[in-house]
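**Student:** Please find one structure pasted underneath; my questions will follow.
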Amino acid sequence: MKLNLNWLKGYAVLYLVFLYAPIFLLPIFAFNDATVIAFPLKGFTTRWFADLTTTPALHGAVLNSLFIAISTAILSTCLGICAARAGARFSFPGKQGIIGFIMIPLVLPEIIVAVSLLVTLLQLGLSLSSWTVILGHTLICTPFSIAILNSAFATLDPSMEEAAYDLGETKWSTFRLITLPLVMPGIISSFLIAFTISLDEFIIAFFLTGAEPTLPVYLWGQLRFPAKLPIVMALGTILVAFSILLLTLAEIFRRRGIAKAGGRDTGGFL
Amino acid sequence: MTDAIVSLTDVHKYYGTYHALRGITLDIRAGEFFSLLGPSGCGKTTLLRTIAGFEDVSSGTLLLDGKDMARVAANKRPTNMVFQSYAIFPHLSVAENVGFGLRRSSMDSAAKARAVDEALEMVGLKGYGTRAAHALSGGQRQRVALARALILKPKVLLLDEPLSALDKKLREQMQNELRRLQRQVGITFILVTHDQEEALIMSDRIAVMFEGEIAQLASPQDLYRRPLTRRVGEFIGVMNVLPATVSGQEADIAGLGRAPVTPDQAPSGMPEGTAGAGIRPESMSILYDGETTTRRTASGEVVEVFYYGDMTYYDVVLPGTTKPMTISMKNVAGRPVLDRGTTARIAWDAEALVLFGDT
Ligand SMILES: Nc1ncnc2c1ncn2[C@@H]1O[C@H](COP(=O)(O)OP(=O)(O)OP(=O)(O)O)[C@@H](O)[C@H]1O
Ligand SMILES: [Mg+2]
């Protein structure tokens, strides 16, 4: 037993190093005073970060990405609310199958989603723009939103809604006064996760983007210029920090929601 | 019936193909404490939710205060409900919970605050208004749920097993308080319970339900003394049922012998030929050494002894029978508890018998 446990510990440490070492390299080179990404380090500088502020194309990409990420987050969270609410309250024939079908994009290779969406859009004669990227991102984010919101709705006691309705409220005011506040942490958590996924997503954005690239697509374009590499590292550092912050917030809200509804934690992503 | 506040006529309810309510016809009087009693799955909750408007009837009519409720939704009915889980809104304070039903009333906010205070005082939670609802104990939640449902002064208050989540002591205390509260406000209470003792203690009348049907509707005393069927008799308290043969006004009971019976003792009609003769544990007693009696006597072997402190329950097998009968004895000072294996003399009364058509 003892031996087994030690092996397991060793494996876990190796796994974590493998997973996070590249990410730790990002900030190291972002602050390194050299255009070449290699050891030994040359010295400390913040000029790569300063350069970020003087690149207008980058600012356009950031704004574009933010617009896409916020739209995606709103859309997929709204879709998620409808699906999770229906799944928690009603049973209808083929419910399991339908839920399963909605969740498929979670495991489908993104490249396949991207290519098939591109083909379909071109067939329909639609031109590529930020909206087509939003469409693609909503498709892959909705399953995540449903998974998060399912846990929020499932822990909600159905007699809460009945009690409010019984006390004279309408179906809609019950939803607004009771359901929404009680699942709000789940909604915020879903919004943040969808936002983060959309912000980082590359493949679908690369295929479906129009004239204005998203941030990841812009970054990828910059990799052709070795001199820009440290700036990319700086940008990457900011993105990683931002993503970690958002995911942590999302998880805090999800847990708080479960505690609030008086339920026990069953799943989630972190 | 003119004073019926709730009136159901041949109400059926199907869940898909499952027949949950099978022809319920029932009148509940204004101001009475009415209980729906039955084993798990018999349809008590379904019936209560039908009255509340959370389930619609598949066929039949439901009148509340003389008005047909077929097209009236739960939020427009003169009923309020206390849920089994209490359904206290965790994100609101105690006062906001209790005052929730007043949101749509035309009262000014001072009058609303006064109504909330009164409701809280009524359930013994004076001064709890500003507390967070999610931090209350089980008994306090129950009181908040009661106050919240009563603040709208409904014609009928519906309670779905409101005490089942409480421990024994608190449950007994709340039974008292519920009864007192019902007398005080004069509102019709309909209580769902699977606890026969609770139903007997609290109710003016009880409807016993089995498999979606009402098996008997009677006052607690009638229900206990004159159960219509063997099944009702055995569900309410303990009922010993012995095989018997009835001819005319006389019953020949296995292990007890012949005894005269009157039609009054056969609530579902006097059987002829094979029948079941029921007798309650407290209608029989064990005769101790040297004790004499003018009652009827029999004897049997004590096969099991259950000592409860105030009472002792004996399982006794009578000659010619296999199933033991239960006899209860008060543990009066100086009266010994018999050992297993003793042959006991038993005294009983023919008037205590109840006859059932089924054996
Ligand atoms: N929404 C529903 N869909 C399908 N069947 C249901 C539904 N609600 C109840 N039933 C069935 O109807 C029957 C009666 O249920 P009900 O909840 O009224 O029982 P009950 O007497 O309240 O039991 P308990 O004491 O366990 O609460 C049960 O067999 C139950 O499985
Ligand atoms: Mg029930």
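The values are calculated or read from the model by the stated rules, or taken from the named source; none is laboratory data. Everything numeric here is computed off the predicted structure, so don't read it as measured data. Here the Cβ is made from the backbone with ideal geometry for all residues, glycine too, and neighbour counts use every protein chain on show.
**Student:** Output the residue which, of all residues in the stretch A:169-180 that are under 19 Å from residue B:93 (Cβ atoms) and at the interface with another protein chain (Cβ under 7 Å from one of its Cβ atoms), is farthest from the chain's Cα centre (by Cα).
**Tutor:** In this case the residue turns out to be A:169.
**Student:** Counting only residues that are hydrophobic (A, V, I, L, M, F, W, C) and surrounded by fewer than 16 Cβ atoms within 10 Å (Cβ to Cβ), which one in the stretch B:62-90 is farthest from the other protein chains (Cβ to nearest Cβ)?
**Tutor:** Checked the stretch B:62-90; the qualifying residue farthest from the other protein chains (Cβ to nearest Cβ) is B:70.
**Student:** Shifting gears a bit: Looking at residue B:40, is it assigned by TED's automatic domain parsing to the domain that holds residue B:191, within 12 Å of ligand 1 (Cβ to nearest atom), of a type outside the set (D, E, K, R) and not in a helix (DSSP H, G or I)?
**Tutor:** yes
**Student:** Surrounded by 19 or more Cβ atoms within 10 Å (Cβ to Cβ), in the same structural domain as residue B:202 (by TED's automatic domain parsing) and in a loop (DSSP other than H, G, I, E, B): is that true of residue B:166 in this structure?
**Tutor:** No.
**Student:** In the stretch B:182-202, is there at least one residue being part of a loop (DSSP other than H, G, I, E, B) and within 16 Å of ligand 2 (Cβ to nearest atom)?
**Tutor:** Yes, because at least one residue in the stretch B:182-202 is part of a loop (DSSP other than H, G, I, E, B) and within 16 Å of ligand 2 (Cβ to nearest atom).
**Student:** Away from chain B (no Cβ under 11 Å), of a type outside the set (Val, Ile, Thr) and buried (at least 21 other Cβ atoms within 10 Å of the Cβ): is that true of residue A:243 in this structure?
**Tutor:** Spelling it out, it is not the case that residue A:243 is away from chain B (no Cβ under 11 Å), of a type outside the set (Val, Ile, Thr) and buried (at least 21 other Cβ atoms within 10 Å of the Cβ).
**Student:** Within the stretch B:140-159, restricting attention to residues that are more than 9 Å from chain A (Cβ to nearest Cβ) and of a type in the set (D, E, K, R), which residue is nearest to ligand 1 (Cβ to nearest atom)?
**Tutor:** Ranking the candidates gives B:141 first.
**Student:** Looking at the stretch A:111-127 only, could you name the residues that are free of Cβ contacts under 8 Å to residues at least 60 places away in the same chain and not hydroxyl-bearing (Ser, Thr, Tyr)?
**Tutor:** Of everything in the stretch A:111-127, those that are free of Cβ contacts under 8 Å to residues at least 60 places away in the same chain and not hydroxyl-bearing (Ser, Thr, Tyr) turn out to be A:112, A:119, A:122, A:123, A:124, A:125, A:126.
**Student:** Further question: Does the stretch B:77-86 contain at least one residue that is part of a helix (DSSP H, G or I), of a type in the set (Gly, Ala, Ser) and either assigned by TED's automatic domain parsing to the domain that holds residue B:148 or over 18 Å from residue B:155 (Cα atoms) (or both)?
**Tutor:** So far as the stretch B:77-86 goes, no, none of its residues is part of a helix (DSSP H, G or I), of a type in the set (Gly, Ala, Ser) and either assigned by TED's automatic domain parsing to the domain that holds residue B:148 or over 18 Å from residue B:155 (Cα atoms) (or both).
**Student:** Are there any pairs, at least 6 apart or on different chains, whose C-beta atoms fall under 7 Å, with the first in the stretch B:44-71 and more than 10 Å from ligand 1 (Cβ to nearest atom) and the second assigned to a helix (DSSP H, G or I) and β-branched (Val, Ile, Thr), and if so, which?
**Tutor:** B:57/B:50; B:62/B:50; B:62/B:51
**Student:** Next up: Output the residues belonging to the stretch B:104-120 that are surrounded by 13 or more Cβ atoms within 10 Å (Cβ to Cβ), of a type outside the set (Val, Ile, Thr) and at pLDDT 90 or above.
**Tutor:** Scanning the stretch B:104-120 gives B:112, B:113, B:115, B:117, B:118, B:119, B:120.
**Student:** Collect the residues in the stretch B:188-215 that are crowded, with 20+ Cβ neighbours inside 10 Å and more than 16 Å from ligand 1 (Cβ to nearest atom), keeping them in residue-number order.
**Tutor:** B:188, B:189, B:202, B:203
**Student:** Would you confirm whether any residue within the stretch B:78-86 is near ligand 1 (Cβ under 10 Å from one of its atoms) and either touching a helix residue (DSSP H, G or I) at 6+ places or on another chain (Cβ under 6 Å) or more than 17 Å from residue B:217 (Cα to Cα) (or both)?
**Tutor:** yes
**Student:** Quick one: count up the residues across the stretch B:234-293 that are under 17 Å from residue B:346 (Cβ atoms) and among the hydroxyl-bearing types (Ser, Thr, Tyr).
**Tutor:** So the count comes out to 5.
To keep it simple, each residue is scored yes or no on (1) within 32 Å of the chain's Cα centre (by Cα); (2) not in a loop (DSSP other than H, G, I, E, B).
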residue	(1), (2)
B:252	no, yes
B:277	yes, yes
B:282	yes, yes
B:291	no, no
B:300	no, yes
B:309	yes, no
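**Student:** Restricting the first residue to the stretch B:287-303 and requiring it to be surrounded by 12 or more Cβ atoms within 10 Å (Cβ to Cβ), which pairs with a second residue that is assigned to a loop (DSSP other than H, G, I, E, B) and hydroxyl-bearing (Ser, Thr, Tyr) meet a Cβ separation below 9 Å and a spacing of at least six or different chains?
**Tutor:** From residues that are surrounded by 12 or more Cβ atoms within 10 Å (Cβ to Cβ), the pairs are B:287/B:293; B:300/B:321; B:301/B:342; B:302/B:342.
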